[in-house]
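The values are calculated or read from the model by the stated rules, or taken from the named source; none is laboratory data. Remember, predicted model here, so these are calculated numbers, not experimental data. Please note: Cβ atoms are built from the backbone with ideal geometry, for glycine as well, and neighbour counts cover all protein chains shown.
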Amino acid sequence: MPDPNSFIQLADATLPLFVGFDVGGTNIKIGIVDSDGRTVGYHTVPTESERGPDDATGRMAEGMDHVLEQVGASRNDVARVGLATPGPMDIPSGMLLTPGNLPDWWNFPIRDAVSEKCGLPVRFANDANAAAYGEYWCGTGADVHSMVLYTLGTGIGGGIIVGDTLIEGAHSCGGECGHVLIDPSGDALPDSLNKTGTLEAYCGAYGVIRRANQALDAGRESTLTDIRKSGRELTPLDIAEAATADDNLAHEVVMETARYLALGIVSMIHAIDPACVVLGGAMTFGGAGHPLGEAFLEKIRDETRPRLLIPLRETLRIDFAQLGGDAGYVGAAGLACLEHRQTAG
């Protein structure tokens, strides 16, 4: 949950307001954001996906009204809603297609359903793309005009902004940075969609765990063996904690993850030439300020730099995201704000 102490009062907000919905498999985040990207209010409702999308969109509208009332505002103060959901999706038609973590929501016209329930126009976006726009609007990328975001977690999501424009693609699949090929060999690891050799196959949580297990199966010594002996499955947190405690194998797995990630980053940099690359999500091994997180980031920089064209080596910035779990709803609201300004203009 965002820090309520960072919220601004309605009297200090730049109107109009925008609502950002960030739909996840467990919870739906609802943020009220002003025209400068500052949070005025926040609320969550449980997704309860088994109850279906029509039920959820109704509860989203109720949650929006609840938080608006809390901050002393009404729907009349809101110009537009931003809606971020996991993909796949068809953005032009507003359809949620076949999201893996929302099986009861397949082929649902979610944009129009949210618009009808909220009584407001809706800007629909992929959740990782929305997070990228949030970091671009008022996070790590706030001082640049082009950036790439990688969200590191169970899978690898991403978002690309070039010349202030979010790249969503002709088929609503723009910014799928985790599906870049980094290993074309015949024995490359498969990802969650059974595609082999992708960045996600090596750097998503399941890829990191699989590489640790393969090393243990090969007889490598590690404190991680005790976890497996207890009957519990390894997690990225286990690996991070072991690496922090100077476990050699765990540290190798983390640094190897950084090297694989750098391969994907290099391809993206040469395709787009962004001003910065931003790393967010739950699997940054402690992130900014943590010794392991900082070592992970420095390893990515060290592996990336010599592979770049010379003009890029000292100028391109690679850094951690700043908004954490707020990026999705902030970015959804930001895209709604952008669309409102374009429509009004």
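Numbers at a glance
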read-out: Filtered residue count, region 299-320, keeping only those that are of a type outside the set (Val, Ile, Thr) and within 11 Å of Ala262 (Cβ to Cβ); value: 8
read-out: Val122 under 30 Å from Arg341 (Cα atoms) and in contact with a strand residue (DSSP E or B) (Cβ under 9 Å, 6 or more places away or on another chain); value: yes
read-out: Subset of region 137-177 that is out of contact with any strand residue (DSSP E or B) (no Cβ under 8 Å at 6 or more places or on another chain) and of a type in the set (Gly, Ala, Ser) - its residue that is farthest from Gly281 (Cα to Cα); value: Ala170
read-out: Ala170, sole failed condition from (1) among the hydrophobic types (A, V, I, L, M, F, W, C); (2) assigned to a loop (DSSP other than H, G, I, E, B); (3) buried (at least 18 other Cβ atoms within 10 Å of the Cβ); value: (3)
read-out: Candidate set: region 186-199, residues that are modelled with pLDDT under 95, of a type outside the set (A, V, I, L, M, F, W, C) and on the phi < 0 side of the Ramachandran plot; chosen: the one surrounded by the most Cβ atoms within 10 Å (Cβ to Cβ); value: Asp191
read-out: Meets criteria (within 13 Å of the chain's Cα centre (by Cα) and polar (S, T, N, Q)) for Thr223; value: no
read-out: Residue ID - modelled with the lowest pLDDT, chosen from residues in region 311-345 that are among the β-branched types (Val, Ile, Thr) and closer than 20 Å to Ile160 by Cβ; value: Thr315
read-out: Residue pairs meeting the criteria (Cβ under 7 Å; at least 6 apart or on separate chains; first in contact (Cβ under 8 Å) with a residue 12 or more places away in the chain and surrounded by 10 or more Cβ atoms within 10 Å (Cβ to Cβ), in region 2-22; second basic (Lys, Arg) and outside any loop (DSSP other than H, G, I, E, B)); value: Phe18/Arg80; Asp22/Lys29
read-out: Every pair of residues 6+ apart whose Cβ atoms lie under 9 Å, when the first sits in region 170-188 and is more than 16 Å from Ile265 (Cα to Cα) while the second is small (Gly, Ala, Ser); value: Ser172/Gly87; Cys173/Gly87; Pro184/Gly197; Ser185/Gly197; Ala188/Gly197; Ala188/Ala201
read-out: Candidate set from region 213-254 (those that are in contact (Cβ under 8 Å) with a residue 24 or more places away in the chain and polar (S, T, N, Q)); member that is farthest from Leu189 (Cα to Cα); value: Thr244
read-out: Per-region count, region 305-316, residues surrounded by 15 or more Cβ atoms within 10 Å (Cβ to Cβ) and touching a Pro at 6+ places or on another chain (Cβ under 9 Å); value: 1
read-out: Total residues in region 283-320, condition touching a Phe, Trp or Tyr at 6+ places or on another chain (Cβ under 9 Å) and in contact (Cβ under 8 Å) with a residue 60 or more places away in the chain; value: 1
read-out: Residue ID - farthest from Asp22 (Cα to Cα), chosen from residues in region 127-157 that are among the hydrophobic types (A, V, I, L, M, F, W, C) and part of a loop (DSSP other than H, G, I, E, B); value: Val144
read-out: Odd one out for Met60 among (1) assigned to a helix (DSSP H, G or I); (2) among the hydrophobic types (A, V, I, L, M, F, W, C); (3) without any contact (Cβ under 8 Å) to a residue 40 or more places away in the chain; (4) crowded, with 22+ Cβ neighbours inside 10 Å; value: (3)
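Table: residues versus (1) crowded, with 16+ Cβ neighbours inside 10 Å; (2) in contact with a Lys or Arg (Cβ under 8 Å, 6 or more places away or on another chain); (3) not assigned by TED's automatic domain parsing to the domain that holds Gly197.
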{"site": "Arg211", "(1), (2), (3)": "yes, no, no"}
{"site": "Leu224", "(1), (2), (3)": "yes, no, no"}
{"site": "Gly231", "(1), (2), (3)": "no, no, no"}
{"site": "Leu234", "(1), (2), (3)": "yes, yes, no"}
{"site": "Leu237", "(1), (2), (3)": "no, no, no"}
{"site": "Ala245", "(1), (2), (3)": "no, no, no"}
{"site": "Met268", "(1), (2), (3)": "yes, no, no"}
{"site": "Cys276", "(1), (2), (3)": "yes, yes, no"}
{"site": "Leu279", "(1), (2), (3)": "yes, no, no"}
